[in-house]
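**Student:** Quick one: structure below, then a few questions.
The values are calculated or read from the model by the stated rules, or taken from the named source; none is laboratory data. Just so we're clear, the structure is a prediction, and the values are computed from it rather than from any experiment. For neighbour counting, all protein chains shown are included, and Cβ atoms are generated from backbone atoms with ideal geometry for every residue, glycine included.
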Amino acid sequence: MANDATVYNLKYLLEQEYPRLKQLASYMVAVNNEYALPGDNLHERDEIAIIPPVSGG
C-alpha cells in the first residue's frame, strides 16, 4: 500500500469493489489485532481484519 494509505482509504476502496458493504449498518477494521480508527495509517505488512456487525443476547 502507499505511504498515505489509511483505514478510511481502505474502506472506501473495499466499498467500491464490494458495494454491499455500504449496506451494512457498520463494520469495523482491525489492524494488527487492534481496532483501527479511520485516520490510522496502514503499512505494507499490516494484518487487516474486516469485522462485520454482531449482535447477541
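**Student:** One residue is enough: does the stretch 44-57 have a residue meeting the conditions surrounded by 12 or more Cβ atoms within 10 Å (Cβ to Cβ), at pLDDT 95 or above and over 9 Å from the mean Cα position of the chain (by Cα)?
**Tutor:** yes
**Student:** Which one is nearest to the chain's Cα centre (by Cα) among residues in the stretch 1-12 that are outside any helix (DSSP H, G or I) and hydrophobic (A, V, I, L, M, F, W, C)? Outline the logic, then answer.
**Tutor:** Of all residues in the stretch 1-12, those outside any helix (DSSP H, G or I) come to 1-6.
Then keep just the ones that are hydrophobic (A, V, I, L, M, F, W, C); that gives 1-2, 5.
Working: Met1: 14, Ala2: 16, Ala5: 11 Å.
Filtering first and then ranking leaves Ala5.
**Student:** Being out of contact with any helix residue (DSSP H, G or I) (no Cβ under 9 Å at 6 or more places or on another chain), surrounded by 10 or more Cβ atoms within 10 Å (Cβ to Cβ) and modelled with pLDDT under 90 is the requirement here; does Leu10 meet it? Steps first, please.
**Tutor:** Details: out of contact with any helix residue (DSSP H, G or I) (no Cβ under 9 Å at 6 or more places or on another chain): yes; surrounded by 10 or more Cβ atoms within 10 Å (Cβ to Cβ): yes; modelled with pLDDT under 90: no.
Judged against the criteria, Leu10 is not a match.
**Student:** Of (1) out of contact with any Leu (no Cβ under 8 Å at 6 or more places or on another chain); (2) without any contact (Cβ under 8 Å) to a residue 12 or more places away in the chain; (3) not aliphatic (A, V, I, L, M), Glu15 satisfies all except one. Which?
**Tutor:** (1)
**Student:** Now, a different point. I'm trying to understand the selection: among the residues of the stretch 13-37, which are surrounded by 12 or more Cβ atoms within 10 Å (Cβ to Cβ), at pLDDT below 95 and part of a loop (DSSP other than H, G, I, E, B)?
**Tutor:** Correct list: Tyr27 only.
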